[in-house]
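Here's the structure we're looking at; comments come further down.
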Amino acid sequence: MSGPGGELAELRDRVEALESENTELKRATGTRAGNRARSVLAAILIVVAALLAPAAVVSTWVRAELIDTDRFVSGLAPLAEKPAVQSFISDEVVDAIEESLDIEAVVHDAVSGLSALDLPPQAAAAFTMLEGPAVHGIQSILRTTVDRMVTSPQFAQIWEVALRQTHARAIAVIQGDPNSALQLSDDGTVTVELGTIIAEAKTMLQAQGVDLASLIPEIDRSIPLVTSDSLTSVRTAYTFATAVGYWLPWLVLGLLVAAIAIARKRARATLAAGIGLAASFLLLIAGIGTGKLFFVATVSPAFIPVATAEALFGQVTLNIHAILVALTVLSALIAVAAWLFGSSRQARAIRSAANRGFDRARAGLDRLHLNTGAVGSWIDRIRPMIWSVAVAAIVLVVFLNRPISLASVLAALGWFLATLLLVELLRRPQAEVIEKAGATQQIS
C-alpha cells in the first residue's frame with residue numbers, strides 16, 4: 001500500500017502524460033491545419049497563373065509581333081504570295097487607276113483629234129471604229145500588267161515597303177498621333193495606302209510603252225485595315241501589351257514556382273499546374289478560331305472578300321497559334337512528368353520497371369569494365385540537384401527563346417531525356433557498390 005508520497009507521484013505522472021498527449025494532439029492538429037493552408041494557397045496560385053497565362057501569351061505576342069516593325073513585316077510578308085490577297089490588291093489597283101484616269105474619255109479625245117485632221121472619210125471612219133477596241137485593249141494591258149506585277153517575285157519587296165509604311169502609320173493612329181498620315185475616314189474605318197503599289201504599276205506601264213500611263217496622277221487609294229468600332233479595343237490591347245507584355249510571363253512563371261514550392265505534395269501540384277495551363281491554352285486556341293469567324297463576318301464582304309479576310313487573319317495569327325500549340329505540348333509534358341514522379345500505383349510500377357532496366361544497363365557496363373566507381377557514387381548522391389538544375393535550365397531556355405516554338409519544346413525534351421539517360425547510366429547507387437564489394441571479397 002503506497003503512502004501519500006507515492007500517490008502524489010503517480011498523480012504527477014498522469015498529469016504529465018496527459019499534458020504530453022495534449023501537446024502532441026495540438027502539434028498534429030496544427031500540422032494538419034498548416035498542410036491544408038499550404039495546399040489551399042498552392043491551389044489558388046495555380047488557378048491565378050492558369051488564368052493569367054493566356055493574357056501573358058497574347059500580350060507578349062502583341063509586343064513582339066505587332067509593335068516591332070521588323071517582326072510585323074516578316075509576319076505579314078507571306079501575304080504577298082497568297083492568291084486571294086494578290087487578286088484583291090490587283091482589283092484595288094486597277095479600280096484606282098481606272099477611276100482616276102478616264103480611259104474612254106482620253107481615247108475619245110485622241111480619236112476626235114485625229115478625225116479633225118484632213119483625212120479621207122474611210123480613214124476617219126476607221127479611227128472611229130477603233131475607239132472601242134482601243135479602250136478595251138488599254139484596259140486589258142492595264143489588268144495584265146498589274147496582275148503580272150502582283151504575282152512577280154519583285155512584288156514581295158514592294159509589299160514589304162507598303163507594310164513598313166502601314167505599320168508606322170497604324171502605330172501612330174493607335175497611339176493617337178494627330179499628325180499621322182493614317183487617319184479615321186468619315187465612315188469610321190482605318191485605312192492603309194496603296195500609293196507605293198500604284199506608283200510601281202505606273203512605272204511598269206510606261207516601261208511597256210503605254211504613254212497613257214504618264215497621265216495617271218498620284219492616287220490616294222487605300223485598303224480598310226480596322227473599323228473604328230474596334231479601334232478602342234486595339235488601343236487598349238496596345239497599351240496593355242506595352243505595359244505588361246514583358247513582365248507578365250515572368251509573373252506567371254513565378255506564381256507557378258511559388259505554388260509548387262509551398263505545396264505539400266509537389267508532384268500533385270505540378271500535375272495540376274500542367275493540366276491547368278494546357279486547358280487555358282486550348283481555350284485560347286478555340287477563342288482564336290471563334291475570333292476568325294467574327295473577323296470575317298465583320299469585314300466581309302463589305303470591305304474585303306471572304307477569302308482575303310481569311311488569309312489575312314490566318315497570317316496575322318499564325319505565330320500566336322504556333323506558340324499556343326508549343327505551350328500546350330509543353331504543359332502536357334510537364335503534367336505527364338509530374339504524374340510519372342507521383343505516388344500512384346501505375347507511376348510506381350513504371351518507375352520500378354525503368355529502374356530495373358537501368359540496373360541491367362549499369363551491370364552490363366560494369367562487365368565491360370566501364371564502372372564509374374567513386375564518380376558514379378558522387379553522381380548518385382547529387383542526382384536530385386542535377387534534376388533540379390536540368391529542369392530549371394530547360395524551362396529558362398524555352399522561356400527565353402522567343403517566340404516559343406514546338407521545335408524548341410521538342411528539342412528541350414530531347415536534351416532532358418539525354419541528360420536523364422546519361423545520369424542513370426553514370427550513377428552508381430550505394431547499394432550496388434556495397435553488393436559489388438561484397439561479391440569481390442567472396443571471390444578473393
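The values are calculated or read from the model by the stated rules, or taken from the named source; none is laboratory data. Bear in mind that the values here come from a model prediction, so they are computed numbers and not experimental data. Heads up, the Cβs are rebuilt from the backbone with ideal geometry, glycines too, and the neighbour counts pull from every protein chain shown.
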Any hit, segment 222-231, residues being in a loop (DSSP other than H, G, I, E, B) and either surrounded by fewer than 17 Cβ atoms within 10 Å (Cβ to Cβ) or at pLDDT 70 or above (or both): no
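Scan segment 308-323 and tell me whether some residue there is of a type in the set (Ser, Thr, Tyr) and over 16 Å from residue 76 (Cβ atoms).
No, segment 308-323 contains no residue that is of a type in the set (Ser, Thr, Tyr) and over 16 Å from residue 76 (Cβ atoms).
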Of all residues in segment 293-319 being within 21 Å of the chain's Cα centre (by Cα) and of a type in the set (Gly, Ala, Ser), the one that is surrounded by the fewest Cβ atoms within 10 Å (Cβ to Cβ): 314
Selection status of residue 273, free of Cβ contacts under 8 Å to residues at least 24 places away in the same chain, in the same structural domain as residue 380 (by TED's automatic domain parsing) and surrounded by 15 or more Cβ atoms within 10 Å (Cβ to Cβ): no
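When you check residue 107 against the structure, is it modelled with pLDDT of 80 or more and either out of contact with any Lys or Arg (no Cβ under 6 Å at 6 or more places or on another chain) or surrounded by fewer than 17 Cβ atoms within 10 Å (Cβ to Cβ) (or both), yes or no?
no
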Every pair of residues 6+ apart whose Cβ atoms lie under 9 Å, when the first sits in segment 125-139 and is at pLDDT 70 or above while the second is surrounded by 15 or more Cβ atoms within 10 Å (Cβ to Cβ) and outside any helix (DSSP H, G or I): 138/210
In segment 38-90, residue farthest from the chain's Cα centre (by Cα) [restricted to those that are assigned to a helix (DSSP H, G or I) and among the acidic types (Asp, Glu)]: 81
Residue that is aliphatic (A, V, I, L, M), at negative phi, in contact with a Pro (Cβ under 9 Å, 6 or more places away or on another chain) and modelled with pLDDT of 85 or more, where the choices are 64, 43, 84: 84
